[in-house]
Every structure is written in structure tokens, then in C-alpha cells.
1. Taking the Cα centre of segment 113-159 as origin, work out the dipole magnitude from +1 charges on Lys and Arg Cβ and -1 charges on Asp and Glu Cβ, in debye rounded to 20.
2. Which cross-chain or sequence-distant (5 or more) residues have an amide H under 5 Å from the amide H of D135, H modelled 1.01 Å from N in plane?
3. Can you send over the carbon and sulfur percentage of the accessible area for segment 81-125, probe radius 1.4 Å, protein chains only?
4. As an exercise, identify the GluC sites (Glu not before Pro) in segment 63-130 lying in DSSP coil whose Cβ has no more than 13 other Cβ atoms within 10 Å.
5. Report ³J(HN,Hα) in whole Hz for each residue of segment 129-136, in order, from the Karplus equation J = 6.51 cos²θ - 1.76 cosθ + 1.60 where θ = phi - 60°; Gly and Pro get x.
6. Over 29 Å between Cα atoms, which of K40/K86; K40/K132; K120/K159; K40/K159; K113/K159; K20/K113 qualify?
7. Between R63 and V93, what FRET efficiency comes out of the Förster formula 1/(1 + (r/R0)^6) with R0 = 22 Å and r the beta carbon distance, rounded to 0.05?
8. Could you pull out every one of the aspartates and glutamates with an alpha carbon less than 16 Å from that of K78, ignoring same-chain neighbours closer than 8 positions?
Amino acid sequence: INTGQIFTVTLDEGDVYMVKGTGDTRGIWDLTGSRIRSNKPVGFIPFHERTTMPNLLVNGNGRNHLAEMMPAVNTWGKRYVTVEYKRENINGVGKGDVFRVVASQPNTKWTLKYYDKKSKALLGQGGGVLTKGGDFADITQSGAPTAITSGYSIWTADKPVFVMQYSCSQSW
């Protein structure tokens, strides 16, 4: 993990190769930014079996299963628009979604602005620089329910990025 070590695996048609952690680490064992190269088409499905979202959430009923089919890096974009997931707010405090932005190239500058869906007022903004291809930023992690990125958001970058959006856990 994060060592630069190359693994070579040979697969036949229909084969599956899974890399899985032990589940005893928190926020350490993350394969985001790994590069998969192959001489034939492959599908890549990163997943997490049991987590809270945000993943720093204490006492967060961590039973979310996260999985997605990743698009090829050459299809990533420089501009994204997202809309907050609609869900019941059971505690009156937790609002918004968690995001992760991943760089395809070194020194990628990115920005985020998010707005109220009805009034269109600017609610917040952020941004940064991802220094290496594969680096990522999490927006926003929290240990307790609060207001995070909500409404609709506009993401821009000077190089291709991938923006992932996660719905928060039940206790949010």
C-alpha cells in the first residue's frame, strides 16, 4: 500500500482478482490512486464492505457498503456538477454529502462551490492542489453530524479529475 510496488496478475476471461484489507485499520489502508494497467479490457470495481460515512463518524452505525464501477482515467473530466442526495434527516443536525476528488495528473488544481438549491445562495467553497497523480482530497470528513457540502455543487479542475459522491450513514 502506497509503496510504489508493482503487482503483476494474469487473468483469463471471466476471472476475478480481489484485493481486500483485514478490517482492523481506520483511514490507513486506502487503495485510492492505485493504477491498473492491462493489455486487454478489464472492469475495476473498488468497494468497502462496512464503513460509516463520513468515515470519521464515531458511533456511526458503520454498515454502509460502498461499490462503484470506475470509469477509465482517460474519460475523467475537468468540470462536474452534483446535487445533494435526498434523504430523511433523522437527527436535525446532519446535512449534506461526502465527496472525494482524485487527480489523474500531478499538480492538479481544483475548486468547489456549493449553493442552496432554492435560493441559489453560495453556502461554501473550497479547493486545493493535488501534488501527485492518484492523490485525493476528502470533502468533508467529520466525527459527528453537522452541515457539510449540500445543495448543488460545481467542481472545476485544471486537469482531469474524478469526483465521487457518498451518501452519509443513517445516524448522520
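The values are calculated or read from the model by the stated rules, or taken from the named source; none is laboratory data. If you're wondering where the values come from, they're calculated on a predicted model, not measured in any experiment. We place every Cβ from the backbone using ideal geometry, glycine too, and count neighbours over all the protein chains shown. Only protein heavy atoms, including side chains, enter the accessible area calculation; ligands, DNA and RNA are left aside. Shrake-Rupley method; radii C 1.70, N 1.55, O 1.52, S 1.80 Å.
1. Details: 6 positive and 4 negative charges, 44 e Å.
I would put it at about 220 debye.
2. Under 5 Å from the amide H of D135: A103.
3. On the way: 1460 of 2800 Å².
Carbon with sulfur: 52 percent of the solvent-accessible area.
4. On the way: sites: E68, E84, E88; in loops: E68, E84, E88.
Those satisfying the criteria are E68, E88.
5. 3J(HN,Hα) across segment 129-136, in whole Hz: 10, 9, 6, 10, x, x, 5, 9.
6. Working: K40/K86 39 Å; K40/K132 26 Å; K120/K159 27 Å; K40/K159 26 Å; K113/K159 17 Å; K20/K113 35 Å.
Flagged as over cut-off: K40/K86; K20/K113.
7. On the way: r = 20 Å, r/R0 = 0.92.
Once rounded, the FRET efficiency stands at 0.60.
8. Hits, sequence-local ones excluded: D135, D158.
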